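Values in this text are rule-based calculations from the coordinates and carry no lab data. The structure presented is a predicted model; accordingly, all values stated were derived computationally and were not measured. Cβ atoms come from the backbone with ideal geometry, glycine included; neighbour counts cover every protein chain shown.
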Amino acid sequence: MFAALVPPPGALEDLEEFLEPRREAGAFRWSLPEQLHVTLAFYAEVPERHLDELVERLGRAGRRRTPFEVAVAGGGAFPHAARARVLWAGLRPDTTGEVELPRLATGARAAAARTGIAVDGQRFRAHLTLARLGRPAEVSSWVRLLEGYAGPTWTADRLHLVASHLGEGPRRRPRYETVAELPLGR
């Protein structure tokens with residue numbers, strides 16, 4: 001499972017229009033547009049007995065945050081452009097979001113920890129995973145291309161708790177199921 005921000009359809013459609021004519025130029029395993037999200041916290045295992053408490057605590061964490069304006073903009077590669085394994089698009093939050101987005105990620109991690117659920121992953125870096133590479137590759141031209149992208153602004157006002165069902169989606173990819181959609185703010 002993971003806690004995430006999910007861009008609205010209009011923002012995802014704009015990004016897809018930008019990427020679609022360029023996809024064939026990169027031998028990447030592209031993420032499906034309907035699966036794009038910003039992971040705030042990743043939970044490798046959530047025992048059923050902890051699910052209700054996790055949802056409750058995530059709801060509290062979300063209510064403590066203020067909705068903010070954000071756009072998908074820019075991009076990069078993990079671990080770096082010279083030997084990339086992942087190509088990603090970034091986020092450009094407004095001034096409120098610059099504060100609220102990292103705090104929301106911290107709250108999503110803390111909600112799990114207080115529930116007794118281990119949180120996986122490293123330091124939070126707001127991004128949408130666009131593609132994965134089968135082996136490390138040099139992708140500087142793709143990073144430069146993504147740096148020129150700026151999508152429409154949208155309001156981040158909901159936190160999603162999503163279950164990932166491995167191998168159940170198209171082409172044996174994960175199938176995502178929203179378990180809870182929790183509002184930000186009071």
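Could you compute the net charge surrounding VAL46? Neighbours are other residues with a C-beta less than 15 Å from the C-beta of VAL46; K and R count +1, D and E count -1.
-3
For region 13-103, which trypsin sites (Lys or Arg not before Pro) pass both filters: DSSP loop (anything but H, G, I, E, B) and at most 16 other C-beta atoms within 10 Å?
When the trypsin sites (Lys or Arg not before Pro) of region 13-103 are filtered for loop state and at most 16 Cβ neighbours within 10 Å, ARG64 remain.
Would you compute, for the Cα atoms of region 2-183, the largest minus smallest coordinate along each principal axis and list the three values in descending order, in whole Å?
In descending order, the Cα extents are 46, 37, 27 Å.
Pull up all non-local amide H partners of ILE117: gap of 5 or more, or a different chain, and H-to-H distance under 5 Å with H placed in the peptide plane.
Result for ILE117 returns nothing.
If we count every other residue with Cβ under 10 angstrom of MET1's Cβ, Lys/Arg +1 and Asp/Glu -1, where does the sum land?
-2
So what is the 222 nm mean residue ellipticity for the chain from helices alone, if each DSSP H run of at least 4 adds -39500 (n - 2.57) and you divide by all residues, rounding to the nearest 500 deg cm²/dmol?
My calculation for the chain gives -9500 deg cm²/dmol from helical runs alone.
Please list, by residue number, every one of the GluC sites (Glu not before Pro) in region 28-62 that is coil in DSSP and has at most 11 other beta-carbon atoms within 10 Å.
Sites meeting the loop and neighbour criteria: GLU45.
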